[in-house]
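The structure appears right after this line, and notes come after that.
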Amino acid sequence: MTTANRRRETDAVLLLCFCVIAVIFSLDQLSIDQLYQSSSSSSSSSSLELLQYLETETPFHRRLATSIYSWATKHIEPINKTFDPTKETVLFWHIPKSAGTTTTKLYQCMNRTLVTKIGGRPEFGHHEDEELVVFCPWARTGPAFVNVDATSKKGILRAQELGLVPSGLADVIFTNNPSSSIEHLYDSSHKGRVLELFRHPVERLISKFYYLQMATWETSYKPEWKETSILEFATKMSHDQNHMVKKLVRKAWVTRADLKIAIRTVNERFIVGLVNQMEESIHRFNIVMGIDEADEDNRKCMDKFLGEGGEKENSNSHPKVEEDSLAWRTLAEKNALDIILYNHILLLFQRQKEIIESHAESMAAARRGQS
């Protein structure tokens with residue numbers, strides 16, 4: 001081979017390598033707008049197409065999520081480990097306008113011992129106790145609460161100081177700050193499980209807009225929104241952007257890099273539920289917590305809140321906003337990262353069904369072995 005031919009061959013190889021690197025780089029710089037184009041539809045087919053793209057085995061996609069948050073690694077059991085309700089305290093991430101209040105009421109009905117805002121309310125007289133107390137606010141029996149509140153930084157730190165999770169007193173801890181609660185309340189010797197119900201981010205914001213117009217009992221009540229159109233809300237007033245990713249990251253501004261780690265963290269450590277599949281979601285949560293759905297009282301509670309015509313706490317009917325409307329598109333553009341995360345969760349919900357059922361069989365076999 002002549003020197004000229006070798007040079008041409010070398011140049012061709014270098015050019016090929018350059019093209020491969022350029023393709024990978026262009027994928028790595030893929031804009032959120034492009035990802036959103038694939039994910040903005042609420043259809044499951046669009047969600048699956050996006051997730052298949054995200055999970056393609058290329059160098060870029062392998063870099064998509066190479067780690068998860070340390071608080072999740074250290075303090076939350078992996079999804080592939082069989083549940084142990086006798087040792088694992090459950091944390092429920094309450095995302096606003098995503099059936100969190102209904103879930104709370106359901107587990108109150110089942111007489112679980114809960115951590116909610118009620119535990120820190122002064123009128124019940126236990127908010128300044130120097131030790132953990134389980135109390136029934138309205139009767140000697142019925143729903144019980146631990147005297148701490150995990151919905152504020154101060155409350156989380158107080159619960160940590162009093163040893164909430166190591167005490168084993170709570171069946172479910174409800175919080176709107178999942179990363180902070182997990183980091184401070186759990187430790188490597190007392191790992192837990194995380195449950196949550198997810199709703200399409202745009203649907204959640206639309207519900208919030210109409211709900212706060214009439215919710216006089218809420219501290220965030222917005223009567224002035226009654227004179228506001230949904231489009232004006234979307235363009236000028238909606239500052240609740242990428243709420244889910246921000247709560248996981250604990251940052252005021254989030255990036256694609258944050259999204260990558262959030263996806264991996266949810267994928268490996270969170271047991272996900274969907275608002276539009278409440279009964280199946282709660283069924284899975286009950287397996288995690290070891291709740292016997294065959295129990296007559298538990299069954300009545302399930303029927304009360306999840307059955308046809310069941311009680312839906314803080315639900316509100318409102319005008320439908322079409323997906324092709326400017327208001328919907330505006331809210332979607334402002335919440336593109338949350339939409340990508342949500343679409344990942346749609347597929348994850350399908351995948352976790354087999355995993356959770358397998359855990360349920362293992363748990364049942366262990367109980368039979370003990371009897």
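Readers should treat all values here as calculations from the given coordinates under stated rules, not as data from a laboratory. Source: prediction; values computed, not measured. Every residue, glycine among them, receives a Cβ derived from its backbone with ideal geometry; neighbour counts consider all protein chains shown.
Sparsely packed loop sites in segment 71-136 (the GluC sites (Glu not before Pro) outside DSSP H, G, I, E and B with at most 12 other Cβ atoms within 10 Å) comprise E128, E130, E131.
Contact order for segment 185-337, expressed relative to its length and based on alpha carbon pairs under 8 Å spaced 6+ residues apart, stands at 35 percent. The peptide list 259-269, 90-100, put in order of mean Cβ contacts within 10 Å with the highest first, becomes 90-100, 259-269.
Note on K97: aspartates and glutamates with a C-alpha under 14 Å away, same-chain residues under 8 apart excluded, are E196, E203, E218, D240, E313. For segment 178-228, GluC sites (Glu not before Pro) are listed when DSSP marks them as loop and at most 16 other Cβ atoms sit within 10 Å of their Cβ; the list is E218. Relative contact order of segment 140-193, taken over Cα pairs closer than 8 Å and 6 or more residues apart, is 37 percent. Across segment 252-267, coupling constants 3J(HN,Hα) worked out from phi with the 6.51/-1.76/1.60 Karplus curve, θ = phi - 60°, read 6, 10, 10, 10, 4, 4, 4, 4, 4, 6, 4, 4, 5, 4, 4, 4 Hz, and Gly and Pro carry x. For segment 185-249, the list of chymotrypsin sites (Phe, Trp or Tyr not before Pro) that fall in a loop by DSSP and count at most 15 other C-beta atoms within 10 angstrom reads W217, Y221.
Placing R0 at 41 angstrom, the Cβ-Cβ distance between S189 and S229 gives a FRET efficiency of 0.15 after rounding to 0.05. Less than 5 angstrom separates the built amide H of G192 from those of I76, E77, all sequence-distant by 5 or more or on a different chain.
Of the residues V275, V288, L348, the one whose Cα sits farthest towards the positive end of the charge dipole of segment 259-371 is L348 (charges of +1 on Lys and Arg Cβ, -1 on Asp and Glu Cβ, taken about the Cα centre).
Close amide H pairs (under 5 Å, H built 1.01 Å from N) link D240 with no residue at least 5 positions away or on another chain. Computed about the Cα centre, the dipole magnitude for segment 246-371 is approximately 880 debye when only Lys and Arg (+1) and Asp and Glu (-1) carry charge, each at its Cβ.
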